[in-house]
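S.K.: My questions all concern the structure below.
Laboratory data are not the source of any read-out in this text; all were calculated from the coordinates shown. Remember, predicted model here, so these are calculated numbers, not experimental data. Backbone-built Cβ (ideal geometry, glycine too); neighbour counts: all protein chains shown.
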Amino acid sequence: MDEGILNIDNRQADFILIDEQSWRAEHGIRSICVMYDDHSSDKNSQENIFLLKENVHYRLFSLTHQYLIFLRELSLAENYLQELHEKDPNCFNVFPRNPYFEKVELELSSVFDNIIFQLSSVFDYLSHLICYICKTNKSDTVYWTKLARLAYGKGNEFANLNIKKVIAELDNKIVGKLYDYRSRLLHNKKDQHIFNASMKFADSKFDLKIIASDLALKHFKAIREDYPEGKITLTFLSSWLIKRCFLDIETILDALREEILKNSQFYQNIMNPKTKNGLMFVSVDPKTNFANPVSEGLWEQYKKKKEAKPSR
C-alpha cells in the first residue's frame, strides 16, 4: 500500500463485506415492516408497508451492484493501461493531458457518480417508509429533503416525535451533504478527481488509484472523523459511503422501532386481527406463556448479525 494513501487493497473481501451488509440491512428493514404490521392499527399495513420495503431493498441492491461495477471497471482500467504499456512503453509520456488517463478517470468518475445517485435514492425511499410508519395520513409520504425540513421545523407531525432528532442529525452530518453533492453533479459540472497510477515492479502490473477530489472530501468531511490523515481514493470513499449508509440505516431503524412500540396495538390486534381470515402469527414465550410478536425474533436476528465496519 502506498504511504499516505487510504485505499481498498483487498477488493474482493471488501465487496463481500458490503454485500453481506446489504442483506443485513434488508433483514433489518423487513423486521421493522413486520413490527409495524404487528403493532399498528393500520388495516392496510400488509398491503402497503412491504411494497415500500421492496423499493428500499431494490435501491440497496442497486447501490451494492454499482460498487461491484466500480471494482470491475477499476480492474479493467488497470488491464487496459497494462496492455497499452506493453505495446508502447512511451505512450504515457504525453503532456499536459494524457488521453488514456483521461479516459480511465472519466469512466471511473461516471460509475462513482452512479453510486452517489443510488445512495441518494436509498434515503429517498427510506423517507417514504419513515413517513408511512410515522404519519397519520399514510398517502402523504415525501422525499428526504422535505422530510429533513419537517424534522428541523415546528408545528408539524414530526415535531412531537423522537425520530426527528435522528433525521435532523443524519441530514446535517451526511445525508444533506450527499444531496448537495448530487445536485452539483446533476446541474452544474462533473467533479475532477486526481489520476494516480503506479507499476508494481514485482509483476509489472498497474496499480490504479483515483484520488478523490477536494470538493468531494469537503462534502463528505465526516470521513475525517474515522480517517483524519491520508489521501483518500475514490474506491475507499465509495466503500466508506456505502458502509456509512448501512450504519445510518440501523440508526433510523432503531428510531422507528421506538416510535412503533410506544403506540403498540399488538394485543388489540390479537383480539381483533386485521386479516380477513382472522389469524395473526405470534410466538409464545415458553417461560411466561405470553404471546410475543414474530417481529421481535426477526429483530433479534438482525441485531446479532455482524455490523458494517470500514475495512482496507
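S.K.: Suppose every Lys and Arg Cβ carries +1 and every Asp and Glu Cβ carries -1, with no other charges. What dipole size does the chain come out with about its Cα centre, to the nearest 20 debye? Write out the running numbers ahead of the final one.
M.R.: Numbers: 43 positive and 43 negative charges, 175 e Å.
Here the chain has a charge dipole of around 840 debye.
S.K.: Kindly state, as a whole number, the per residue volume in cubic angstrom of the convex hull around the alpha carbon atoms of the chain. Could the numbers behind the result be given before it?
M.R.: Values: hull volume 49.2 nm³, N = 312.
It is 158 Å³ per residue.
S.K.: Could I ask something else about it? If you build a Gaussian network model of the chain, linking Cα atoms that sit under 10 Å apart, which residue out of HIS27, HIS85, HIS39 swings the most?
M.R.: The residue that fluctuates most here is HIS85.
S.K.: Only Cα pairs under 8 Å and at least 6 apart count here; give the relative contact order of region 5-304 as a rounded whole percent. Let's see the in-between values first.
M.R.: Numbers: 323 pairs, mean separation 88.9, N = 300.
Computed over region 5-304, the figure is 30 percent.
S.K.: In whole angstrom, how long is each semi-axis of the equivalent ellipsoid of region 121-255, when you take the square root of 5 times every eigenvalue of its Cα gyration tensor and sort them from largest down?
M.R.: Taking √(5λ) for each Cα gyration eigenvalue gives 37, 15, 13 Å.
S.K.: Could you grab the relative contact order for region 17-158? Cα pairs under 8 Å, six or more apart, rounded to a whole percent.
M.R.: Details: 87 pairs, mean separation 32.9, N = 142.
In percent, rounded to a whole number, it is 23.
S.K.: Now, a different point. Please find, in a Gaussian network model of the chain (springs between Cα atoms separated by less than 10 Å), the residue of ARG257, ARG11, ARG184 whose mean-square fluctuation is greatest.
M.R.: Largest GNM mean-square fluctuation: ARG184.
S.K.: Once you put a point 7 Å from the Cα of LYS305 and another 7 Å from the Cα of LEU106, both along the Cβ direction, what distance in nm separates them?
M.R.: 4.0
S.K.: To the nearest 20 Debye, how big is the dipole of region 85-240 about its Cα centre, given +1 on the beta carbon of each Lys and Arg and -1 on that of each Asp and Glu? Can you show the working numbers first?
M.R.: Values: 23 positive and 19 negative charges, 117 e Å.
Here region 85-240 has a charge dipole of around 560 debye.
S.K.: If you don't mind, another one. When only alpha-carbon atoms count, how far does region 81-138 stretch along each of its three principal axes, as whole angstroms with the largest first?
M.R.: 67, 22, 8
S.K.: Grab the Cα-Cα distance for SER41 and ASN292, subtract it from 0.36 nm times how many residues apart they are, and report the gain in nm with one decimal. Walk me through the intermediate numbers first.
M.R.: On the way: separation 251, 0.36 × 251 = 90.36 nm, distance 1.68 nm.
Separation in residues times 0.36 nm, less the Cα-Cα distance, equals 88.7 nm.
S.K.: Averaged over every viewing direction, what's the projected area of the C-alpha convex hull for region 59-202? Give it in nm², one decimal, please. Don't skip to the end; give the middle numbers.
M.R.: Working: hull surface 47.2 nm².
Here the figure is 11.8 nm², rounded to one decimal.
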